[in-house]
Amino acid sequence: MDFELGLPNATRPLTLPSGVWSAGGGPGDKLFLPGLPAGLFRVQVKKAQATLESAVALVVGALPLPPGVRRLWLPGEVVTLGRGVRVRRCLPPVVLPAARKGPADSGATDTWPTRAPTLTCIIGEGLGRSWALHASELTLGRGPEAQV
């Protein structure tokens, strides 16, 4: 999975294969971040999903991440670590659909997949689970009347 490490004077690409990666400035950290405390946070990369768990309070995008809470790390989000260091999860590459030719078509036309908006749980018991928001009105909650 692709990330970008931003240092005070430069940025550099970073690829993390599947596994659990400790990040910080300590000698045991697999992802070495100079000038930062050891064991600052952990990143778990599994298939197309990345999660973070921090040892201290961090900011992911504009949202706080309390210590010890596991959170989904969404593409495009930046984790601000202080001292001018930040890590951004890169957006996945865009793959355009192949052009299709129907029996009556004389030329190719690009077709774009349609996709209903989704609600994705980024923290808590349903971490990573997504619900398609297919109706114009849905009830969210825990009661028996809730669709989500």
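The values are calculated or read from the model by the stated rules, or taken from the named source; none is laboratory data. In this text, all values refer to a predicted model and were calculated from it rather than measured experimentally. So basically every Cβ, Gly included, is an ideal-geometry build from the backbone, and we count neighbours across all protein chains shown. Accessible surface areas use protein heavy atoms only, side chains included; no ligands, DNA or RNA. Shrake-Rupley method; radii C 1.70, N 1.55, O 1.52, S 1.80 Å.
Filtered by the rule that a residue be at pLDDT below 90, over 14 Å from the mean Cα position of the chain (by Cα) and of a type in the set (A, V, I, L, M, F, W, C), the stretch 11-56 gives Leu31, Phe32, Leu33, Leu36. Screening Thr15 on (1) touching an Asp or Glu at 6+ places or on another chain (Cβ under 7 Å); (2) crowded, with 16+ Cβ neighbours inside 10 Å shows it passes everything except condition (2). Within the stretch 25-39, the set of residues being under 22 Å from Asp2 (Cα atoms) and of a type in the set (A, V, I, L, M) comprises Leu31, Leu33, Leu36. Restricting attention to the stretch 64-85, the residues that are under 22 Å from Asp2 (Cβ atoms) and open to solvent by 20 Å² or more (accessible area, probe 1.4 Å) total 9.
Counting only strands (runs of 3 or more DSSP E) that sit wholly inside the stretch 4-57, those with at least 1 residues that are within 18 Å of Arg71 (Cβ to Cβ) are 19-24, 41-46, 49-54.
Residues in the stretch 58-68 that are in a strand (DSSP E or B) and either of a type in the set (S, T, N, Q) or farther than 14 Å from Arg86 by Cα (or both): Leu63, Pro64, Leu65. Say we look at the stretch 132-148 and pick out the residues that are of a type outside the set (Asp, Glu) and open to solvent by 100 Å² or more (accessible area, probe 1.4 Å); which of these is modelled with the lowest pLDDT? In this case the residue turns out to be His134. Quick one: in the stretch 39-63, which of the residues that are touching a residue at least 40 places away in the same chain (Cβ under 8 Å) and farther than 20 Å from Asp29 by Cβ is surrounded by the most Cβ atoms within 10 Å (Cβ to Cβ)? Across the stretch 39-63, the extreme among qualifying residues is Gln49.
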